[in-house]
Amino acid sequence: MRARIKREIKRIGVVRFLDVLAFRLYYKLKLAAADAEKEEKLLRTLEAKYPPHGAPELITPSPNSAEAQKFIGDAGPDIMIARCKTLLAERIFSIPKIGTFVMHPGVCPEYRNAHGCFWALAQRDMDRVGMTLLRIDKGVDTGPVFGYFTYPYDERNESHILIQDRVVFDNLDAIQKKLEEIYRGEAQTISTEGRSSAAWGQPWLTRYLAWKRAAARETR
């Protein structure tokens, strides 16, 4: 956590970091409870659709731990899906034969790193509110892109957290189909050559309030 704070302050400065902290407090007081309730309902729906499968499980403090490396290596996967905020070490993401894939909540390369959906909405870049299925490489969300996914989001009444959840979970069937194509060697990558690329950080309260004001005006 200390390392993440230092990186964010170095990237955006102390004043903007206070903006980040203000948003975190606002989210906790105003939005977190409602989002948690919606996420719980979403989880129950997913559990009903995808019942327990009995796969081996390892609980570890870090996906980069030696025990995680051994666990994945012993499994010998063709494809691995990373659902974590931690950047994976190459010795981990390179284990699967075909690759390790991430469902990044943002359209890459324009909205790399954290909270891509938030920043697309804050920038009023409405055509780039979505999720990117990409294969992990040594960079931060810079690997080959295999697909973009979105849904008819409600920016006025949904938080960015719920939106970035749903761009993944509302598209699980399509994501499954794409992963099967990748496994069979049929999937084509999407060229991102010539497009802008930016790494974004944590949401700011000032940008959140500006986003919601714009959303209210444009959906009247």
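The values are calculated or read from the model by the stated rules, or taken from the named source; none is laboratory data. All values derive from a computational prediction rather than experimental measurement. Methodologically, a virtual Cβ is constructed for each residue, glycine included, from the backbone with ideal geometry; neighbour enumeration extends over all protein chains shown.
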(request) Select, from LYS38, LYS30, the only residue that is in a helix (DSSP H, G or I), in contact (Cβ under 8 Å) with a residue 60 or more places away in the chain, within 30 Å of ASN157 (Cβ to Cβ) and of a type outside the set (Phe, Trp, Tyr). (result) LYS38
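Conditions (1) at pLDDT below 95; (2) of a type in the set (A, V, I, L, M); (3) under 22 Å from ASP78 (Cβ atoms); (4) surrounded by fewer than 17 Cβ atoms within 10 Å (Cβ to Cβ), marked per residue:
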{"residue": "PRO105", "(1), (2), (3), (4)": "yes, no, no, no"}
{"residue": "LEU134", "(1), (2), (3), (4)": "no, yes, yes, no"}
{"residue": "ILE163", "(1), (2), (3), (4)": "no, yes, no, no"}
{"residue": "ILE182", "(1), (2), (3), (4)": "no, yes, yes, no"}
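Mind listing whichever residues of region 184-220 are β-branched (Val, Ile, Thr) and either at pLDDT 95 or above or under 19 Å from the mean Cα position of the chain (by Cα) (or both)?
THR189, ILE190, THR192, THR206
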(request) Looking only at region 139-156, count how many residues are within 18 Å of MET103 (Cα to Cα) and surrounded by 15 or more Cβ atoms within 10 Å (Cβ to Cβ). (result) 12
(request) Could you please find all residues in region 158-180 being free of Cβ contacts under 8 Å to residues at least 12 places away in the same chain and closer than 13 Å to PHE146 by Cβ? (result) GLN176, LYS177, GLU180
(message) Tell me which helices (runs of 4 or more DSSP H) are completely within region 83-199 and hold 3 or more residues being in contact with an Asp or Glu (Cβ under 7 Å, 6 or more places away or on another chain), or say none if there are none.
(response) 160-169
